[in-house]
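Step one of this worksheet: look at the structure below.
The values are calculated or read from the model by the stated rules, or taken from the named source; none is laboratory data. From a predicted model like this one, the values you see are computed outputs, not experimental measurements. Neighbour counts run over all protein chains shown; Cβ positions are idealised from the backbone, glycine included.
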Amino acid sequence: MMRNGLKLIAPLFGIALPVLLVDQFTKWLIQQNIPRHGQRVIIQGILNIRHDTNDGAAFGLMPGQSLLLVIISIIALGFIAYYYRQFRESLWMRIALSFLLGGALGNFIDRVRLGEVTDFIQCRLPGFWWPTFNVADIAVCIGAGLLMVYLFRHRGDYDEADQIEN
């Protein structure tokens with residue numbers, strides 16, 4: 001019984017916790033060492049470390065809506081916990097949800113503690129600078145990507161279950 005419990009929560013401690021710790025540590029380093037809107041060029045014209053903040057959602061959407069985004073984050077964390085339990089037989093889903101959890105918690109902590117999220121990775125793609133992001137954002141993208149792959153690969157499973165019920 002204990003072994004099954006450890007197997008179930010291993011992705012949480014193996015993925016979500018390190019994501020959260022690295023996210024918070026890197027944001028702290030930026031806050032301590034680079035003034036707001038200051039930057040350090042890593043690869044000229046391609047990659048900068050830039051201290052930005054965002055009091056809205058991704059890509060600057062919903063600026064000034066920190067309270068609403070905290071509420072949305074709490075709801076999202078509840079969904080992640082619920083689905084983590086529902087997919088206890090799927091390591092793939094537990095890994096995806098663990099990345100989502102680590103990233104969501106990282107940005108949630110910033111919103112509650114600071115009222116905004118610290119972003120610091122700035123990359124240039126052909127023709128434009130991508131909006132500045134952080135480790136939590138990377139984890140959320142990885143988790144969402146894994147979730148999409150899982151749902152795409154198993155889409156027929158759900159169609160068959162729906163047809164059996166009807």
Checklist entry - Is there any pair with a first residue in segment 81-98 that is under 14 Å from Met148 (Cβ atoms) and a second that is at pLDDT 90 or above and β-branched (Val, Ile, Thr) whose Cβ atoms are under 7 Å apart and which are 6 or more apart or on different chains, and what are they? => result Ile95/Ile15
Next on the checklist: Show me the helices (runs of 4 or more DSSP H) entirely contained within segment 1-109 in which 2 or more residues are hydroxyl-bearing (Ser, Thr, Tyr) and touching a Cys at 6+ places or on another chain (Cβ under 8 Å).
Outcome noted: none
Checklist outcome for this item: Filter segment 23-63 for residues that are farther than 22 Å from Leu125 by Cβ and among the acidic types (Asp, Glu); the one that is surrounded by the fewest Cβ atoms within 10 Å (Cβ to Cβ) is Asp55
Checklist entry - Tell me, which residue of segment 121-146 that is within 14 Å of Gln24 (Cα to Cα) and either out of contact with any strand residue (DSSP E or B) (no Cβ under 7 Å at 6 or more places or on another chain) or among the small types (Gly, Ala, Ser) (or both) is surrounded by the fewest Cβ atoms within 10 Å (Cβ to Cβ)? => result Ile138
Next on the checklist: Give me the residue from segment 105-118 that is crowded, with 24+ Cβ neighbours inside 10 Å and of a type outside the set (S, T, N, Q) and, out of that set, nearest to Leu151 (Cα to Cα).
Outcome noted: Gly106
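Select from segment 11-28 the residues that are in contact (Cβ under 8 Å) with a residue 40 or more places away in the chain and out of contact with any Phe, Trp or Tyr (no Cβ under 9 Å at 6 or more places or on another chain) and write down the one among them that is farthest from Gly115 (Cα to Cα). Break it down into steps so the answer makes sense when it comes.
Initial filter on segment 11-28 (in contact (Cβ under 8 Å) with a residue 40 or more places away in the chain): 11-12, 14-20, 22-24, 26-27.
Narrowing further to those that are out of contact with any Phe, Trp or Tyr (no Cβ under 9 Å at 6 or more places or on another chain): 14, 17-18, 20, 22-24.
Values: Gly14: 28, Leu17: 22, Pro18: 23, Leu20: 18, Val22: 20, Asp23: 17, Gln24: 15 Å.
Restricting to residues being in contact (Cβ under 8 Å) with a residue 40 or more places away in the chain and out of contact with any Phe, Trp or Tyr (no Cβ under 9 Å at 6 or more places or on another chain), the top hit is Gly14.
Going through segment 84-99 one residue at a time, which ones are hydrophobic (A, V, I, L, M, F, W, C) and either exposed (fewer than 13 other Cβ atoms within 10 Å of the Cβ) or within 15 Å of Phe13 (Cβ to Cβ) (or both)?
Residues of segment 84-99 hydrophobic (A, V, I, L, M, F, W, C): 87, 91-93, 95-97, 99.
The answer is Leu91, Ile95, Leu97, Phe99.
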Item to check | Long-range neighbours under 9 Å by Cβ, at least six apart or interchain, first residue under 12 Å from Thr118 (Cα atoms) within segment 29-49, second surrounded by fewer than 15 Cβ atoms within 10 Å (Cβ to Cβ) and of a type in the set (Phe, Trp, Tyr) | outcome: none
